[in-house]
Amino acid sequence: MKIASNGIHINVTDQGSGTPAIVFLHYWGGSSRTWSDVIAAFPPVYRMVAPDHRGWGDSDAPARGYALADFADDAQGVIDTLKLGQFVLVGHSMGGKIAQLLASRRPKGLVGLVMVAPSPPVPLLLPAEVRAEMRNAYTSRASVEASIDHMLTARPLSPAHREQVIEDSLRGDPQAKTAWPTYTSLEDITRQVAAINVPAIVIAGELDRVDSIETLRTQLIPHIPHARMHVVPSSGHLSPLEAPREVAGLIQEFVESLSVVKSRMT
């Protein structure tokens, strides 16, 4: 369904019921369906909400407005429109950095934060030639396949998942494709994330070549020191597709540890 948010229309998958709701934010190049297998691995006792970011999937693609604050405002509009009440925010990669910014605002109803292979809050500093390669990563089928094989994954994707990644990556709006490597990834939100005051975990891929365990230990954990890290063995950057059951299990364990959930179950 489409939801009016922040001046555009955001496509949202919304299923199930229960409290707290779980809101999933996808990576740069993905869509809400990146989370499909993770969501399917959950028992049907939670409400699951997964939007397409602006410029990706079936959401609108405005000519401008691809800063972290724009994405966070979009997500907040979805949360408000759906009247989710209490919710847990889950973000993957770029979606993880968006989730950090949104959580730092301490939105009403937020009870937990899950960061899956997240981009850290510091600027992503890369050599010019690497940044240029990123800008061209999603320009052709061949370039997406090279990204899958050489950067994004450690475990082989199923043929269906591989095709999904290719389709989602190529379908992205040109503005959305270039924004992250050109300027959004350079945003520094280290001061903001110090305000995050809800329980938080990091789910890292053991073999992630994009946001490695060491990167997260040195560039994220110092800024969100109360976040606990879990490692998915033999997984790369696309752990929601490579290891959906493991990722879902860690998220579910975290959600069920929250006091709001414990009080509901007693």
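Values in this text are rule-based calculations from the coordinates and carry no lab data. These figures come from a predicted structure and were not determined experimentally. Ideal geometry is used to build each Cβ from the backbone, glycine not excepted, and the neighbour counts take in all protein chains shown.
In whole Å, what three semi-axes, largest first, describe the equivalent ellipsoid of the range 104-152 built from its Cα gyration tensor (square root of 5 times each eigenvalue)?
Numbers: eigenvalues 190, 45, 18 Å².
Semi-axes from the Cα gyration tensor: 31, 15, 10 Å.
For the chain, take the longest principal axis of its alpha carbons; what is the angle in degrees between that and the long axis of helix 244-257, to the nearest 10 within 0 to 90? With rounding to tens, the tilt is 30 degrees.
Note the per residue figure in Å³ for the convex hull of the C-alpha positions in the chain. Don't jump to the answer; show the numbers that get you there.
On the way: hull volume 29.4 nm³, N = 266.
Looking at the chain, the number lands at 110 Å³ per residue.
Mean residue ellipticity, 222 nm, helices only, the chain: the sum of -39500 (n - 2.57) across DSSP H runs of n ≥ 4, divided by residue count and rounded to 500, is -10500 deg cm²/dmol. With the charge dipole of the chain set up from +1 on Lys and Arg Cβ and -1 on Asp and Glu Cβ about the Cα centre, the Cα lying farthest toward the positive end among the listed residues I221, A195, V45 is that of A195.
Over the range 1-155, all Cα pairs binned in 10 Å intervals from 0 give whole-percent P(r) values of 11, 40, 35, 14, 1, listed from short to long.
In terms of overall dimensions, the range 154-266 has a Cα radius of gyration and Dmax of 16.7, 50 angstrom.
Quick one: dipole size for the chain, taken about the Cα centre, charges +1 on Lys/Arg Cβ and -1 on Asp/Glu Cβ, in debye to the nearest 20. Write out the running numbers ahead of the final one.
Working: 24 positive and 27 negative charges, 137 e Å.
For this selection, approximately 660 debye.
Find the relative contact order for the chain and round it to a whole percent, using C-alpha pairs within less than 8 Å whose residues are 6+ positions apart.
Computed over the chain, the figure is 22 percent.
For the chain, the residue among L68, V255, G30 whose Cα projects farthest onto the positive side of the dipole built from Cβ charges is V255. Taking 15 Å as the straight-line reach from the Cα of K108, the aspartates and glutamates in range (excluding those fewer than 8 positions away in the same chain) are D73, D80.
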